[in-house]
Each structure stands twice: as structure tokens, then as C-alpha cells.
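Colleague: One structure coming up, written as C-alpha cells, with questions to follow.
The values are calculated or read from the model by the stated rules, or taken from the named source; none is laboratory data. Since this is a predicted model, take the numbers as computed values, not measurements. Here the Cβ positions follow ideal geometry from the backbone for every residue, glycine too, while neighbour counts run over all protein chains shown.
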Amino acid sequence: MNATSTSVSAAHQRRDQGGQKEIGDCQVYQTFESMHTDRLYVLLIFYNNPCEVGFKGEKGDIGFQGVKGDKGEKGEAGENGTKGEMGESGKLGPPGPQERGLKGDKGDPGPPGLRGEAGTPGETRPRSAFSMGLFPSKSFPPSGFPVRFDKVFYNGESHYDLAASKFNCTYPGVYVFSYHITVRNRPLRAALVVNGVRRVRSRDTLYGQDIDQASNMVLLRLAQGDQVWVETLRDWNGAYSSSEDDSIFSGFLLYSDLP
């Protein structure tokens, strides 16, 4: 306690020059020489002179801004935040450039497709045709009768009757008929006959050993069951055939009248 008193007395003597304040019955000395000494002195005063606490002073002015401190160390990463709500749709942007891009490479072929359903049956068009020749032994046929064209070039539908030397119409419609007859030694008059009516006629007045050709072609509409043949007239029957010359009678259906 004596050491303390001595220190206080010494301190008291050093602070006489700084001034003093009275707070009630207590005396508080202030010094501006040493802040450390002032704190020690005030503390000792309160130990030796306990007194009543004074009123709280007014708030002082804000001090000057301190010097910027050094950058602190990097902190640990925080936890991921919760997902925010979806924002509103943005406005439609302006159209892009209209330039056409480069042509791409050809793609690989795709797999084979499934087999399609069977189609409806197609229409069956009627067919009828023939082409007959004259054998050499049948040259110079008798007039007024069908010429014996029995050398077969084509008679696939058998619509030409070999025994009667006549074509029988099976399908009604339009037909094309033609004959090309070699003429030799005598003149020729030939006619295309339909059901006994001579529809087309030809004439060749050749005489001697010269050889000529008489021919004709026509389109006729026939009904089912009609018959067509070629015959010579009067004694002008110079129709001829040999190993080097032919006489031919042909015909075929151009289109049918069947639905």
C-alpha cells in the first residue's frame, strides 16, 4: 500500500502541471504527457479515493477514416444456393440472315420399306391378230372363192380359220386388214370381203412373165361373229407365190368396243 501511495504521490506531482477536475468530492488529474501513465494514475485514484460515478458524457465526433488495411486471405467456398424461379420468356429476336447455306452431303440410303399391299387387278385387253401366206401350190386360186392363205406366220389366238380361209371376229371393235399379193403371168382382181360383201378392191393388168405387186389396207369396224376373207374376181386370178415371192393376208384388232 505504501509503494502504491508513493507512486501515486510521484504521479500526482507530475500531473500538477496538466490540470485537475473536481467530480463531487473526488479530484481527477489529467495529463497530456503520457497516456499510459494517465491510465495508471486514474486507476490508483479510484483505489485510494472511491467516489460516485459521474454522468455519461456526450458522444464524441466521428474520427478520421483509418488507413486501408491489407487484403485478407481468401475465404472458404460457400454452399450452392437454391435454384431460383424461372424467368419470363424473352421477346422474339430479329430474323436471322436469309442466305442459303451450302448443300450438304448425300445421306446414306435408308432401310428398305415394307412391302406394299397388292394392287387391284389390271384390265385384260382383248387381243386378236393373224398373218397368213400363200403356199406356191395354191397359186392362181379359183375366182369367187376365198384365197387359200394357209401358210401360218402368226395365228396365236386361232381367230383365223385355216379350213375355211376366213377370219372370224371374236371381239367387236376396229380392225386393221391388209393384203399384199404377188402378180405374175396374168392380171389380177382382188377384193376384201366382209360377210359376202366386197368392201375393198384392187386391180393389176400385168401380162407375160413380169412380176408385180397388188396391195391394199383398210380399217373396219366389226361385230362379233363377222367373217373376213380375200377372193379373186372373174378370171383375173394372177395371185402367185414361190420360194422367192410371197402373197400375204394379215389383220389385227386395233381397239375393242368391250367395256
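Colleague: Going by the structure shown, is Arg221 touching a residue at least 12 places away in the same chain (Cβ under 8 Å), part of a strand (DSSP E or B) and either of a type in the set (Lys, Arg) or surrounded by 14 or more Cβ atoms within 10 Å (Cβ to Cβ) (or both)?
Modeller: Yes.
Colleague: A follow-up question, please. When you look at Val197, is it in contact (Cβ under 8 Å) with a residue 12 or more places away in the chain and assigned by TED's automatic domain parsing to the domain that holds Pro136, yes or no?
Modeller: no
Colleague: Filter the stretch 113-158 down to the residues that are touching a residue at least 40 places away in the same chain (Cβ under 8 Å) and in contact with a helix residue (DSSP H, G or I) (Cβ under 6 Å, 6 or more places away or on another chain) and list them by number.
Modeller: Answer for the stretch 113-158, where residues must be touching a residue at least 40 places away in the same chain (Cβ under 8 Å) and in contact with a helix residue (DSSP H, G or I) (Cβ under 6 Å, 6 or more places away or on another chain): there is none.
Colleague: Of (1) farther than 27 Å from Thr124 by Cα; (2) within 60 Å of the chain's Cα centre (by Cα); (3) surrounded by fewer than 19 Cβ atoms within 10 Å (Cβ to Cβ), Tyr179 satisfies all except one. Which?
Modeller: Of (1) farther than 27 Å from Thr124 by Cα; (2) within 60 Å of the chain's Cα centre (by Cα); (3) surrounded by fewer than 19 Cβ atoms within 10 Å (Cβ to Cβ), only one is false for Tyr179: (3).
Colleague: Does any residue in the stretch 233-252 that is touching a residue at least 12 places away in the same chain (Cβ under 8 Å) and over 29 Å from Pro172 (Cβ atoms) come within less than 7 Å, Cβ to Cβ, of a residue that is surrounded by fewer than 16 Cβ atoms within 10 Å (Cβ to Cβ) and of a type in the set (Val, Ile, Thr) six or more places away or on a different chain, and which pairs are these?
Modeller: Every condition considered, the pairs that remain are Asp245/Ile211.
Colleague: Next question, about the same structure. How many residues are within 26 Å of Asp257 (Cβ to Cβ) and buried (at least 19 other Cβ atoms within 10 Å of the Cβ) when one looks only at the stretch 195-216?
Modeller: Number of matching residues: 0.
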